[in-house]
Amino acid sequence: MNNRFLKFAVRSASLLLAVCVLTGIINFAYVRGYYYRDVYGEIQKMADVPYHITMANFGTSHGLSCFRYPEDDKSKFNFALSGEDIYHDFATLKQFSDHLDEGCIVAIPTSYFSFCMSTQEPSQKRYYIYLDRKYIRGFSFESLINAKYVPVLRSGEFLIKDLIKDQERDIGAEMMGDASGGAEELSAVTPDAGGAAPTQAEKSAPDEELYAHAKGRAESWRSGYMVAGKIYIDDNIKILTDMVDFCLESGFKPLLVTTPVYYALNERFTEEELNECYFDPVNKVVEATGVPYLNLSHDPQLSSDPGYYSNSDHMNASGAEVFYQRFTEFLAETGYSAG
């Protein structure tokens, strides 16, 4: 009887070991494939955040595309992610606050849909990769395992597709015009994506292309955020106010930013819509905290030149260069300087 039990135990352990080894091998291949990188490619930068940062920015893909620091300048860091909400901006700031020097300039860009993003839904799986448990909304160990340690367990139908056709494409790198990211252009983005920029961020779109894109983008934001999302405005105002206060208490220099938007997209919204869902909330935070605010959303120069845009709400490299010049001029006007 003991021999039978011993044989059964050995066979079971061997089978379990074989399954674990096989799962590990498949998982190793999966995390290097297209579908995993499509979801998590942007956050690879969070694994190597430098210390002694003197200038940082957060925000959605609009902040990601506008703030382009020299690769060799480790004193500046772009924390922005596509589809980022204010809650996770604040969580990311707290996670890496010890990487920021005292006096660090902290730019907090917000987008037209930011105040209408849900403050109740659980954190996306990508945040399990780099955020501490205490910052993850609706934390679960199952999600932690599936997202961080063995993501292949939740790959489903994408596993076979990915292993058969491994398209290594880092969406975050492509948004920033990284030549290694691939050459094809993303199709229209769903509202949940928060308006991801096209893959070839160096490309400028002609006016008619931008105008057509603006129509779809406005309809997407309006239906996806600016109606049902109004119930979250007050919550997001509080989160952003707390984020600014945290910066001030930590000895950082925060400022709010609205990045440039192409005129054709601005024309798709009424003044009432933008005021209710965006500008009124931003101004409430400014009034409550006294933080400087740079609003370039309707800037006559930046909003009218199609050569500055890759689509109707994301700037290309040329636009980002002009934006950054205006940004640094604003810093000088407000008396902000790093360090």
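The values are calculated or read from the model by the stated rules, or taken from the named source; none is laboratory data. What you see is a predicted model; the values in this text were computed from it and never measured. Note: ideal-geometry Cβ built from the backbone for every residue, glycine included; neighbour counts use all protein chains shown.
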* Cβ pairs under 6 Å, 6+ apart, first in segment 107-120 and touching a residue at least 12 places away in the same chain (Cβ under 8 Å), second among the β-branched types (V, I, T) -> A107/V257; P109/V257; P109/T259; S111/T60; S114/I86; F115/I233
* Qualifying helices (runs of 4 or more DSSP H) (wholly inside segment 86-151; at least 3 residues being charged (D, E, K, R), within 20 Å of G59 (Cα to Cα) and in contact with a strand residue (DSSP E or B) (Cβ under 8 Å, 6 or more places away or on another chain)) -> none
* Lone qualifier among S111, S118 - being of a type in the set (S, T, Y), surrounded by 18 or more Cβ atoms within 10 Å (Cβ to Cβ), at pLDDT 90 or above and within 16 Å of the chain's Cα centre (by Cα) -> S111
* Asked: Any idea how many residues of segment 37-92 are touching a Leu at 6+ places or on another chain (Cβ under 8 Å), aliphatic (A, V, I, L, M) and in contact (Cβ under 8 Å) with a residue 60 or more places away in the chain?
  -> 4
* Those residues of segment 306-339 which are part of a helix (DSSP H, G or I), buried (at least 21 other Cβ atoms within 10 Å of the Cβ) and in contact with a Phe, Trp or Tyr (Cβ under 6 Å, 6 or more places away or on another chain), in sequence order -> G319
* In this structure, is S303 part of a helix (DSSP H, G or I), within 23 Å of the chain's Cα centre (by Cα), surrounded by fewer than 18 Cβ atoms within 10 Å (Cβ to Cβ) and not acidic (D, E)? -> no
* To do: Taking D85 as the residue in question, decide whether it is closer than 30 Å to S310 by Cα and modelled with pLDDT under 70.
  => no
* Of everything in segment 258-281 that's of a type in the set (A, V, I, L, M, F, W, C) and crowded, with 22+ Cβ neighbours inside 10 Å, which residue is nearest to V227 (Cα to Cα)? -> C277
* helices (runs of 4 or more DSSP H) lying entirely in segment 232-291 (those with 1 or more residues that are among the acidic types (D, E) and either farther than 12 Å from F115 by Cα or out of contact with any Cys (no Cβ under 7 Å at 6 or more places or on another chain) (or both)) -> 233-249, 271-274, 280-289
* Asked: Name the pairs: first residue in segment 250-261 and modelled with pLDDT under 95, second residue polar (S, T, N, Q), Cβ to Cβ under 8 Å, at least 6 apart or on different chains?
  -> none
